[in-house]
Amino acid sequence: MTNPESPPLILALPKGRILKALRPVLERTGLEPAPDCLDESSRRLRFPTSDPSLDVVRVRSFDVATFAAYGGADIGVCGADVLMEFDYSDLYAPLDLGIGACRIAVARPKNAGDVLPEGRSRLRVATKYPAIARRHFASRAVNAEIVHLHGAMELAPALDMADVIVDLVDTGSTLRANGLEEVETIAHVTSRLIVNRVALKTRPEEIGSLIERFRAALAVAA
Ligand code: PRP
């Protein structure tokens, strides 16, 4: 039951390829954001929806979890990669939306000999996932030095900045185009519906009904 006194709930959606994949799911939920929400040339960041008790904010995919963890958004759509990287305890991820499937992988230059060059005791890893990469190599007792980049890490090995990269791989074409090969999968990734735990406690009916709308939209697609 919506309380007309309550401010609208905020749903955080990621920019980019997940937003495109989300379009049919959103249509099936019946939550219609203003048309320019799905048009990335629009500079607006916050959008009303067909439901006056729900607004959408459009943010970087890497920031969705942070918006939701800090309560800026009550609910959001976020890659499992981002959840793994930040590991926020304030978030609950009730639904796997099954979109945006890809993997987090370790890749290195094709036909590379010994990965660790002579005279160096630490493996240099270029990645936008410092926590995931650190955990992964620590679990293999590999001493890793993280080179934190926000994009184009496929360039790093050829430019002698790193020995390997840890990045998202979907079709593998970015790796191939840059002379790299995948050597290990760290995790399989899909997008999740995430919820701020405090919001779920304070507005359980509204958030519960939103989760159910997403669940029903997935059931229709199955
Ligand atoms: C991701 C990832 C790779 C690429 C992999 O980047 O970082 O660069 O996609 O996809 P592929 O295996 O199909 O080639 P994205 O395009 O999402 O941009 P980003 O670098 O801004 O994250």
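Has the stretch 196-216 got at least one residue that is assigned to a loop (DSSP other than H, G, I, E, B), at pLDDT 95 or above and within 16 Å of the ligand (Cβ to nearest atom)? Don't jump to the end; show me each part of the working.
Initial filter on the stretch 196-216 (assigned to a loop (DSSP other than H, G, I, E, B)): 203.
If we keep only those that are at pLDDT 95 or above too, we end up with 203.
Those left that are additionally within 16 Å of the ligand (Cβ to nearest atom): none.
No: zero hits.
Mind telling me which of the residues Pro33, Pro52 ends up being out of contact with any strand residue (DSSP E or B) (no Cβ under 9 Å at 6 or more places or on another chain), closer than 18 Å to Asp74 by Cβ and either assigned by TED's automatic domain parsing to the domain that holds Phe67 or without any contact (Cβ under 8 Å) to a residue 40 or more places away in the chain (or both)? Explain how you work it out, then say what you get.
Values: Pro33 fails: out of contact with any strand residue (DSSP E or B) (no Cβ under 9 Å at 6 or more places or on another chain).
The unique qualifying residue is Pro52.
Between a first residue in the stretch 127-153 that is over 17 Å from Asp87 (Cβ atoms) and a second residue that is among the β-branched types (Val, Ile, Thr) and at pLDDT below 95, which pairs have beta carbons less than 6 Å apart while being 6 or more apart in sequence or on different chains? Listed by first residue and then by second, the contacts come to nothing, as the list is empty.
Confirm whether Ala144 is of a type in the set (A, V, I, L, M, F, W, C), modelled with pLDDT of 95 or more and over 20 Å from the mean Cα position of the chain (by Cα). Taking the combined requirement at face value, the residue satisfies it. Annotation: of all residues in the stretch 62-81 being over 16 Å from Leu200 (Cβ atoms) and surrounded by fewer than 23 Cβ atoms within 10 Å (Cβ to Cβ), the one that is farthest from the ligand (Cβ to nearest atom) is Thr66. Listed conditions (1) touching a strand residue (DSSP E or B) at 6+ places or on another chain (Cβ under 6 Å); (2) without any contact (Cβ under 8 Å) to a residue 24 or more places away in the chain; (3) in the same structural domain as Arg176 (by TED's automatic domain parsing) are all met by Phe47, apart from (3). Taking Ala199 as the residue in question, decide whether it is surrounded by fewer than 13 Cβ atoms within 10 Å (Cβ to Cβ) and either within 23 Å of the chain's Cα centre (by Cα) or in the same structural domain as Arg23 (by TED's automatic domain parsing) (or both). No. The residues on offer are Asn178, Asn196, and the sole one that is free of Cβ contacts under 8 Å to residues at least 60 places away in the same chain and either in contact with an Asp or Glu (Cβ under 6 Å, 6 or more places away or on another chain) or of a type in the set (Asp, Glu) (or both) is Asn178.
Go through the stretch 136-190 and report how many residues are of a type in the set (Asp, Glu), more than 10 Å from the ligand (Cβ to nearest atom) and assigned to a strand (DSSP E or B). Lay out the reasoning, then the answer.
Quick first cut of the stretch 136-190, residues of a type in the set (Asp, Glu) only: 145, 154, 160, 163, 167, 170, 181-182, 184.
Applying the additional criterion that residues be more than 10 Å from the ligand (Cβ to nearest atom) yields 145, 160, 163, 181, 184.
Restricting the remaining residues to those that are assigned to a strand (DSSP E or B) gives 145, 181, 184.
Counting residues in the stretch 136-190 that are of a type in the set (Asp, Glu), more than 10 Å from the ligand (Cβ to nearest atom) and assigned to a strand (DSSP E or B) gives 3.
The values are calculated or read from the model by the stated rules, or taken from the named source; none is laboratory data. It should be emphasised that the depicted structure is a prediction, and the values quoted were computed from it without experimental measurement. With ideal geometry, Cβ positions are generated from the backbone for all residues, glycine too; neighbour counts draw on all protein chains shown.
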